[in-house]
Amino acid sequence: MATSLLSSALSIHKEGSLYWQGKSNVSLKDTSFLGVSLSDHRKSDFSKPILKTKISVGAIKSQAVATTPAINRAAPVVKKTLRKGCVVVTGASSGLGLASAKALADTGKWHVIMACRDFLKAERAAKSAGIPKENYTIMHLDLSSLDSVRQFVDNFRRSGRALDVLVCNAAVYLPTAREPTFTADGFELSVGTNHLGHFLLSRLLLEDLKQSDYPSKRLIIVGSITGNTNTLAGTVPPKANLGDMRGLQGGLNGLNSSPMIDGGNFDGAKAYKDSKVCNMLTMQEFHRRYHEDTEITFASLYPGCIATTGLFREHIPLFRLLFPPFQKYVTKGFVSEEESGKRLAQVVSDPSLTKSGVYWSWNKDAASFENQLSQEASDVEKARKVWEVSEKLVGLA
C-alpha cells in the first residue's frame, strides 16, 4: 500500500503639448506710435490738424511682428505610460490559479479576470488572499459546458476590456473514480473540461488577443509532468497515451465510443494525464498556426509539485496526508502555492520569457528553463489530429 502511494505520488503535481511663445522688447528707436515714429514726431508740424495724420493699425502690427525675433523651443518629450494589462485566469478561486492571480494583481500592473465556476467561492478567496479589489473582476465560467464558455466570451466582450493574456489553468482530477462522469455536452469530464473547454475558450478569445496593443500578448496553457512520459513521474502507471484517438473521435461519451481518448477502459488518473497531453499538443499547434502572423506568445509550463493544492481533494485521505511530506523530504520536489503562483506570473509577464512554443520548468534554484516534452506530447501529427477532432467536437468545424 505504502509503496503504491509513493509511486502514485511521483506522478502527481499541481497544475495543479506644451506650447511656448516668447516675448522680446522692441527698441524705442524702432517703435512707431499710431504709425508715426517718435523721431519723426519730434520734427512734425504741430499746427497741422491731427486728423491729417495717417493712422495705420496694420503698420503697428506688421512692425511689431517684424521686430520680434523668432524663438524656437522644442516641445518637451512626454513619456508614454504603459497601461495596465488585462489577464484572464481560469480556475482562479484556489491553488495555482489563485496564487498567480494574487501575484499579478499585487504588482499593480495587471487587472485579473478571475474566471471561475463558483462566484461566491472566488470572491471569498480573493478577499482572504488580500487581492486589491481594484485589480480583479470575477466572471462566471464553467469549462464543463460549451454554452458557458461561449457566454463567458460574450460577457467579457461586453465589458469593453482589452485581452492581453489568457491563462488556461483550471483542471479536474478524479484519480479514484471507478465510473466516468460527463460534461453537459456528453464528454468525459476530465478531458471535456481540461482540454475541450479550454480549446473552445482559446479559439474564441484568439481574436481578442490579436487585437491587443499590449507589448507582449500571450496564451498560456498549464501542462503537467504526469503527461510527460520522458520523466520518472510520467512513467508511473497509468501512463498517458492517446493511442489512435478512436475514443476522442467517437465523442468520449461512453455510449457508442469509449470515454477514454485511446478507446480503452475508464481510468480517472489516466484521463487526467491524457487531457494534459492534449493541453501541451494544443499549445504547440497554436504556435505553429498563429505565432508568426499574430506575434502572440504561446507557452505551457510545469510550475512544480504543489502538494497542498485542492486538486487532490478527490484523492483518498491517507494520500492527502502523506503526499506533502513525501514531496518535501523524499523527492524534494515540493513547491508552495505562493511560489508556484509567482512562476506562472513570470510566464505571463516576464520580458525574458517571450519565446513561443516553449514548455517552461524551474530547476532547484528556482530558475526557469526550456524543458523537453515527451515524444507523444511533441508529436506534430498528433497535435494536428487533436486540433481537427477537437474543432468538430466543440462545433468550430
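Within the shell defined by Cβ-Cβ distances under 12 Å, the residues around residue 383 carry a net charge of 0, with Lys and Arg each +1 and Asp and Glu each -1. With 27 Å as the limit, the listed pairs 121/217; 273/392; 364/385; 109/355; 127/364; 84/276 have 121/217; 364/385; 127/364; 84/276 beyond it between alpha carbons.
Here each label is just a point 7 Å from Cα along the line to Cβ, and for residue 295 and residue 123 those points are 4.0 nm apart. Each peptide in 338-345, 278-285 receives the mean, over its residues, of other Cβ atoms within 10 Å, and ordering these scores from highest gives 278-285, 338-345.
The listed peptides 259-271, 123-135, 241-253, ordered by packing as a protection proxy, come out as 259-271, 241-253, 123-135 (highest mean of other Cβ atoms within 10 Å first).
For a modelled paramagnetic label at residue 352, 7 Å from Cα along Cα-to-Cβ, the residues of segment 361-390 in reach, with backbone nitrogen under 20 Å, are 361-372.
Every number in this text was worked out from the coordinates using simple rules, so none of it is lab data. Computed from a prediction, not measured in an experiment: that's the story for all the values here. Every residue, glycine among them, receives a Cβ derived from its backbone with ideal geometry; neighbour counts consider all protein chains shown.
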